[in-house]
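First the structure, in the form of structure tokens, and then the observations on it.
The values are calculated or read from the model by the stated rules, or taken from the named source; none is laboratory data. In this text the structure is predicted, and so the values were computed from the model without any measurement. Here the Cβ positions follow ideal geometry from the backbone for every residue, glycine too, while neighbour counts run over all protein chains shown. Remember, those area values only see protein heavy atoms, side chains included, never the ligands or the DNA or RNA. Shrake-Rupley method; radii C 1.70, N 1.55, O 1.52, S 1.80 Å.
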Amino acid sequence: MPESRVPRRRRFLVCEPRHFAVQYAINPWMHPDKPVDVDLARGQWADLIRAYRDHGHTVDTVEPVVDLPDMVFAANSALVLQGRVFGSMFHAPERRPESIAYETWFRTAGYDVYRSDSVCEGEGDLVPAGRWVLAGTGFRTTREAHHEVQEFFGIPVISLQLVDPYFYHLDTALFVLDDGDEGNAGNIVYYPEAFSPGSRKVLARLYPDAVLATRQDAMAFGLNSVSDGRHVFIAPRAKELADQLARQGYVPVPVDLSEFHKAGGGIKCCTQEIRS
Ligand code: ARG
């Protein structure tokens with residue numbers, strides 16, 4: 001275990017939850033009859049942004065659009081690697097217009113935006129992990145999109161099959177602790193039961209030293225975390241996982257986004273990384 005884990009400064013894109021709500025149900029967490037406390041959500045979100053800035057990360061914001069209540073889940077908008085933007089095509093018709101709003105932001109910020117030909121939900125299912133991109137399928141992003149991502153970036157894409165509807169996006173079942181470098185694959189945390197048997201074997205082969213999370217940690221959105229290589233922004237109810245990470249030299253930074261869990265999202269879902 002390294003004496004001291006070294007953080008890497010990140011650039012994030014986020015969307016204020018001004019119009020956040022649960023108006024439709026496109027995953028098992030969403031119950032439109034259960035109210036969302038928008039003021040509480042705004043406070044929780046502000047805490048997350050403060051925590052990022054306090055730890056040296058840059059945060060940009062995209063203007064929220066009325067009637068797009070899930071737009072707050074910025075991670076779904078794209079995959080941005082090497083300054084190139086692979087834009088999303090949402091599965092649910094309710095979310096499709098979000099692509100236009102995010103595309104406008106990226107273009108105004110000086111990026112060209114490629115739009116996926118098949119259903120693809122950005123960093124929700126596409127998780128860059130140093131030498132390759134881990135990619136989820138089964139509920140949202142299609143295998144065709146995985147292939148398109150590989151061709152677009154020229155980076156190997158490793159397809160993983162998700163099998164539990166509560167963990168419908170890869171970023172609800174897995175996150176990257178360390179990107180690694182040329183000679184080292186880095187490390188991840190995941191909840192094995194969210195994956196098919198074959199995909200579990202793939203993960204075990206690539207990451208023999210991965211941190212494994214329990215169902216309880218996963219249901220607390222503990223896998224929907226953001227790590228900068230040292231600090232891990234994590235849901236406070238994923239206590240067991242946070243303790244495990246602390247024992248491995250990481251520094252858990254608890255941030256409670258419980259209002260967002262009602263829509264099936266957490267810390268990572270609210271965070272799009274812009275990688276230059
Ligand atoms: N309600 C949103 C949906 O079902 C939540 C998205 C969460 N985002 C994520 N990156 N997992 O699409």
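Summed over the residues of the stretch 77-170 and divided among them, the accessible surface reaches 38 Å² per residue at a probe radius of 1.4 Å.
Could you please state how large a percent of the accessible area of the chain is carbon and sulfur, counting protein chains only and using a 1.4 Å probe? Carbon and sulfur together cover 51 percent of it.
Across all Cα pairs in the chain, the calculated P(r) in 10 Å bins from zero up to the longest distance comes to 7, 33, 40, 19, 2, 0 percent per bin.
Compute the Cα gyration tensor for the stretch 20-178, then decide on rounded, prolate or oblate, letting a ≥ b ≥ c be the square roots of its eigenvalues: rounded whenever a/c is under 1.5, prolate when a/b is larger than b/c in the other cases, and oblate in all that remain. Rounded is the answer for the stretch 20-178, as its axis ratio a/c remains below 1.5. With K and R counted +1 and D and E -1, the other residues having a Cβ less than 9 Å from that of Glu123 yield a net charge of -3.
Please return the longest range in the chain lying between exposed loop sites, taking GluC sites (Glu not before Pro), DSSP loop only, at most 15 other beta-carbon atoms within 10 Å, and leaving the sites out. Excluding the exposed sites themselves, the longest stretch runs over 4-181.
A simple count of charges around Ala185, restricted to other residues whose Cβ falls under 15 Å of its Cβ and scoring Lys, Arg +1 and Asp, Glu -1, yields -3.
Think of a 1.4 Å ball rolled over the protein heavy atoms: the stretch 179-254 then has 44 Å² of accessible area per residue.
The trypsin sites (Lys or Arg not before Pro) of the stretch 1-102 meeting both criteria, a DSSP state outside H, G, I, E and B (loop) and at most 11 other C-beta atoms within 10 angstrom of the site's C-beta, are Arg9.
Projecting the Cα atoms of His91, Asn27, Ala51 onto the charge dipole of the stretch 5-103, computed from C-beta unit charges around the Cα centre, puts Ala51 farthest toward the positive end. Could you tell me the calculated FRET efficiency between Thr58 and Glu240, based on Cβ-Cβ distance and R0 = 45 angstrom, to the nearest 0.05? After rounding, the FRET efficiency stands at 0.90. Spread over its residues, the convex hull of the C-alpha atoms of the stretch 1-86 is 163 Å³ per residue.
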